[in-house]
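Structure record follows, encoded as structure tokens.
Only the coordinates and a few stated rules stand behind these numbers; no lab work does. Please read all numbers here as calculations on a predicted model, not as lab measurements. With ideal geometry, Cβ positions are generated from the backbone for all residues, glycine too; neighbour counts draw on all protein chains shown.
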Amino acid sequence: MTRSFDDLVAEAEAAPMEGWDFSWLDGRATEERPSWGYQRLLGERLAGAAAALDVQTGGGEVLAGAGKLPPLTAATESWPPNVAKATRLLHPLGAVVVHDEDEPPLPFGDAAFDLVVSRHPVTVWWAEIARVLRPGGTYLSQQVGPASVFELVEHFLGPQPEEVRRARHPEDARRDAEAAGLEVVDLRAESLRTEFLDVGAVVWFLRKVIWMVPGFTVEAYRGRLRELHERIGREGPFVAHTTRFLIEARKP
């Protein structure tokens, strides 16, 4: 039996938000994964590092699943619930988790790490990354690209101006990395199919990824949510496209 709009929305509003774990969406949304396999690449880089830093680690899930950590491993995170979760997950693996507000400077000395990594950082402070990297060190990051999931964003906010759609362009990341004195050795981008199978998945996603529709609440967007629920009922899953890019840069 098809579940009601109110039932789906209420369930999603009550669901937990801790960490950066999207398993609540299993069976309710799907997303293609980039072909390069970030976690595999991360594991390869960690295996060759002596000191590593994961910036904006979330709940620590990606770092914890990447394999054996270097003898010195640190992670930063700004949201207190995530700091607590990452600490529980990463301390047994030998990593220290540091609360950091995601504003310069990073709480580490110059040339402290030979590897800095970050998956889906909200902001990238390139000068700070260059500062904490040792000469010859590497920065590896998978990031959200321009106009990611904008089919969904524009359902709620309407058509967005070109400067908003172009934000987070990989060529801008290249420019900023080089301006900080880093050499970009790899830059790849992909557009990936994403499907939302019910309106509850949309509500949970927008509660989790708060910058997609700033200030999102069910009450503020109940009408648009109901339209989306009815559209899924008529046409099937709501299809959007996630954009991702991989950037790897080295400090000379």
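Of note:
- Those GluC sites (Glu not before Pro) in segment 1-106 that DSSP places in a loop and that have at most 16 other beta carbons within 10 Å: Glu18, Glu32, Glu101
- Relative frequency of Cα-Cα separations exceeding 20 Å in segment 124-252, percent: 53 percent
- Computed as a quarter of the hull surface, the mean projected area of the alpha carbon convex hull for segment 20-92 stands at 5.5 nm².
- Charge dipole of segment 100-252 about the Cα centre (unit charges at C-beta), most positive-ward option of Tyr139, Phe245, Thr123: Phe245
- The mean sequence separation of alpha-carbon pairs under 8 Å and at least six residues apart, normalised by the residue count of segment 61-164, gives a relative contact order of 20 percent.
- Put simply, the C-alpha atoms of segment 1-145 give a gyration tensor, and the ellipsoid matching it has half-axes of 31, 16, 14 Å, longest first.
- Computed from the Cβ-Cβ distance with R0 of 35 Å, the FRET efficiency linking Ala14 to Val164 stands at 0.65.
- If the Kirkwood radius is taken over C-alpha pairs of segment 177-227, then at 4 °C and 1.567 mPa s the Stokes-Einstein diffusion coefficient equals 92 µm²/s.
- Relative contact order, percent, the chain [alpha-carbon distance under 8 Å, six or more residues apart]: 23 percent
- If you take the Cα centroid of segment 18-50 and the Cα centroid of segment 149-187, the two points sit 21 Å apart.
- Sorted from longest to shortest, the spans of the Cα atoms of the chain along the three principal axes equal 58, 40, 30 Å.
- For segment 5-250, size of Cβ-based charge dipole, Lys and Arg +1, Asp and Glu -1, in debye: 420 debye
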